[in-house]
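The values are calculated or read from the model by the stated rules, or taken from the named source; none is laboratory data. Keep in mind that this is a model prediction, so the values were computed, not measured. Virtual Cβ from ideal backbone geometry, glycine too; neighbours counted across all protein chains shown.
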Amino acid sequence: MDNKPTVLVQWLAVGSGTISLLEKSAYYGCKDSSFQSITIGNTVPPNISGNYDVCINNMEIYTTIPVEGYTYKWSVQNGTILGIDNSDTVRVQWVKSGSGVISLYVINSSTGFADSAKQTITVYSLPTPKIIGLTTADQGSSAHYSVQGNLGSKFKWLVSGGSILNGGNLPDLNVQWGNSSAGQLNVSETTKENCVDSSSLNISLSPVDVQESGYGASDCLTFSRIR
């Protein structure tokens, strides 16, 4: 509306414009006016490029198209800026799962005209794989292990002190343990959002008791007499 103490104006063309105000007294009919020249400048709308779907604690790089004569100021929510925040490039570590926001404020250094951009970021949690199975086994024995993971995840097993029989990239694993006193399992889980974490399980390996069988001296004597 144009009959209030304040007015909102959208300037449509670069160059100059004028805003005028006419004030009239409601009681005496006296009136006066004033006007103000407006310089209308052009701003370059900033863009934000980078990963919009990220994993928690990952470091991500975001950029905008650099324009000569402009200054930059970045800010984030649910994240931490690593290093400087006043360049056309910024490094961010997202520290809270759920959603985050990255914002960019740009200013034309010669005219003071400013513009801004904002982007919502989806932050995924890391997986927490848990290995299920016995932590003690006999040397030379085989054992079965499994992992509790997320639906759609991919797995990678590593075995120390033994060898994988089958299931090296599946949730279930069969292992042949060797003759060392200890072994270890490590499993890495990659979710469908490409978030990665791992866990390990230490295994205590015991030697197998070997009982000798055969005839003793008395057995041989008895056998001779029977003959």
Practice problem: Mind listing whichever residues of the stretch 56-107 are farther than 24 Å from Leu126 by Cα and basic (Lys, Arg)? | Solution: Lys73
Quiz item: Here are Tyr70, Tyr124: which of them is farther than 25 Å from Asn202 by Cβ, among the aromatic types (Phe, Trp, Tyr) and either loosely packed, with under 14 Cβ neighbours inside 10 Å or at pLDDT 95 or above (or both)?
Solution: Tyr124
Quiz item: From the list Gly167, Gly149, which residue is surrounded by 13 or more Cβ atoms within 10 Å (Cβ to Cβ), small (Gly, Ala, Ser) and in contact with a Leu (Cβ under 6 Å, 6 or more places away or on another chain)?
Solution: Gly167
Self-check item: Condition met for Val76 (surrounded by 15 or more Cβ atoms within 10 Å (Cβ to Cβ) and in the same structural domain as Ile107 (by TED's automatic domain parsing))
Solution: yes
Quiz prompt | Test: residue in the stretch 119-132 that is assigned to a strand (DSSP E or B) and more than 30 Å from Asp53 (Cα to Cα) | solution = yes
Quiz item: Is it the case that some residue within the stretch 133-141 is loosely packed, with under 14 Cβ neighbours inside 10 Å and either part of a strand (DSSP E or B) or in contact with a helix residue (DSSP H, G or I) (Cβ under 6 Å, 6 or more places away or on another chain) (or both)?
Solution: yes
Practice problem: Quick one: Gly29 ticks every box in (1) assigned to a loop (DSSP other than H, G, I, E, B); (2) surrounded by 10 or more Cβ atoms within 10 Å (Cβ to Cβ) except a single one, so which number is it? | Solution: (2)
Exercise. Tally the residues that are under 19 Å from Ile107 (Cα atoms), assigned to a loop (DSSP other than H, G, I, E, B) and either touching a residue at least 12 places away in the same chain (Cβ under 8 Å) or in contact with an Asp or Glu (Cβ under 8 Å, 6 or more places away or on another chain) (or both), restricting the search to the stretch 42-87.
Key: 15
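Collect the residues in the stretch 154-190 that are under 30 Å from Ile56 (Cα atoms) and in a loop (DSSP other than H, G, I, E, B), keeping them in residue-number order.
Correct list: Gly167, Gly168, Asn169, Leu170, Pro171.
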Exercise. Could you please find all residues in the stretch 106-118 being over 32 Å from the mean Cα position of the chain (by Cα) and either in a strand (DSSP E or B) or crowded, with 16+ Cβ neighbours inside 10 Å (or both)?
Key: Asn108, Phe113
